[in-house]
Amino acid sequence: MEYILIFITAIFINNVVLSQFLGICPFLGVSKKISTASGMGMAVTFVLTLATIVTYLIQKFVLDPNNLGYLQTIAFILVIAALVQMVEIILKKVSPSLYQALGVFLPLITTNCCILGVAILVIQKDYNLLEGVVYAFSTALGFFLAMVLFAGLREQLAMNKVPKAVEGMPIALITAGLLSMAFMGFSGVDGGLKLLFGLD
């Protein structure tokens, strides 16, 4: 039941983009079309889940036993950079059109604070490996959901008349704020779920 709670909380209640404001750069930059937003969401899901597994193992079996905790950030960044390179090579071979559509934002996954943030949060929350993987995967799904919803809203906005004063990025930021407020409606649900599953 704890895994269900972690899953629901990470997607809806503590959404990585809309509640914790991590990963804003790709959220705003690659969300003009649903196709590119979903492609970026899938790439982030893959990298985030895999990076969490690898960084967790490095933390528990290399850094902690050797008292090298101070190297956590640099070690995690190197792992994430290597995984992004792998995703980039795979996408270039498998889906050149998606590779072209993502453009400069694909290498930017390396510096996406969402991935590094989640990898560090898994360690800080003292999750075991399975809990960490569930948290990372559900956080990535939350990122994917936010990206696709926001891209859908932006596609609709592009077909409607918008006052000149708020054209482009201003209306996108207003929309992101409204979407974030909509997700705030889920706050408090985790308390009810804890009572329901008897975890409190």
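Couplings for region 39-53, taken from phi via the Karplus curve 6.51 cos²θ - 1.76 cosθ + 1.60 with θ = phi - 60°, read x, 5, x, 5, 4, 5, 4, 5, 5, 5, 5, 5, 5, 5, 4 Hz in order; Gly and Pro are left as x. Overall form of region 115-200: prolate. Here a/c, set by the Cα gyration tensor axes a ≥ b ≥ c, is 1.5 or more, and a/b is the larger of a/b and b/c.
In the structure shown, the pairs LYS33/LYS164; LYS92/LYS164; LYS60/LYS92; LYS32/LYS93; LYS32/LYS92 are assessed against 31 Å; a Cα-Cα span above that value is assigned to LYS92/LYS164; LYS60/LYS92.
Positive end of the dipole of the chain (Cβ unit charges, origin at the Cα centre): among SER38, ALA75, ILE6, the Cα lying farthest that way belongs to SER38. Residues in region 78-91 carry Karplus couplings, in order, of 4, 4, 4, 4, 5, 5, 5, 4, 5, 4, 4, 5, 5, 4 Hz; the curve used is 6.51 cos²θ - 1.76 cosθ + 1.60 with θ = phi - 60°, and Gly or Pro positions show x. Inter-label distance, LYS93 to MET159: 3.8 nm, where each label sits 7 Å from its Cα along the C-beta direction. Toward the positive end of the charge dipole of region 24-127, with +1 on the Cβ of Lys and Arg and -1 on the Cβ of Asp and Glu, the farthest Cα among GLN59, THR111, TYR99 is that of TYR99.
Just so you know, the Rg over Rh for region 1-75 is 1.07, from Cα atoms, with Rh as the Kirkwood radius. For the peptides 17-27, 182-192, the ranking by mean Cβ contacts within 10 Å, running from highest to lowest, is 17-27, 182-192.
Amide H contacts for VAL16 (H built 1.01 Å from N in the peptide plane; partners 5 or more residues away or on another chain; cut-off under 5 Å): PHE143. Each part reduced to its alpha carbon centroid, region 67-136 and region 167-198 end up 24 Å apart. For the options THR49, THR139, THR111, a Gaussian network treatment of the chain with springs between C-alpha atoms closer than 10 Å singles out THR111 as fluctuating the most.
Each helix, a run of at least 4 DSSP H residues, gives -39500 (n - 2.57); summed and divided by the residues of the chain, these come to -22000 deg cm²/dmol at 222 nm. Taking the Cα centre of the chain as origin and assigning +1 to Lys and Arg Cβ atoms and -1 to Asp and Glu Cβ atoms, the resulting dipole is close to 660 debye.
Across region 168-183, computed HN-Hα scalar couplings (Karplus, 6.51 cos²θ - 1.76 cosθ + 1.60, θ = phi - 60°) run x, 5, x, 5, 5, 5, 5, 4, 4, x, 5, 5, 4, 5, 5, 6 Hz from first to last residue, x flagging Gly and Pro.
A short reminder: the numbers here are calculations on the coordinates, not readings from a lab. Computed from a prediction, not measured in an experiment: that's the story for all the values here. Cβ atoms come from the backbone with ideal geometry, glycine included; neighbour counts cover every protein chain shown.
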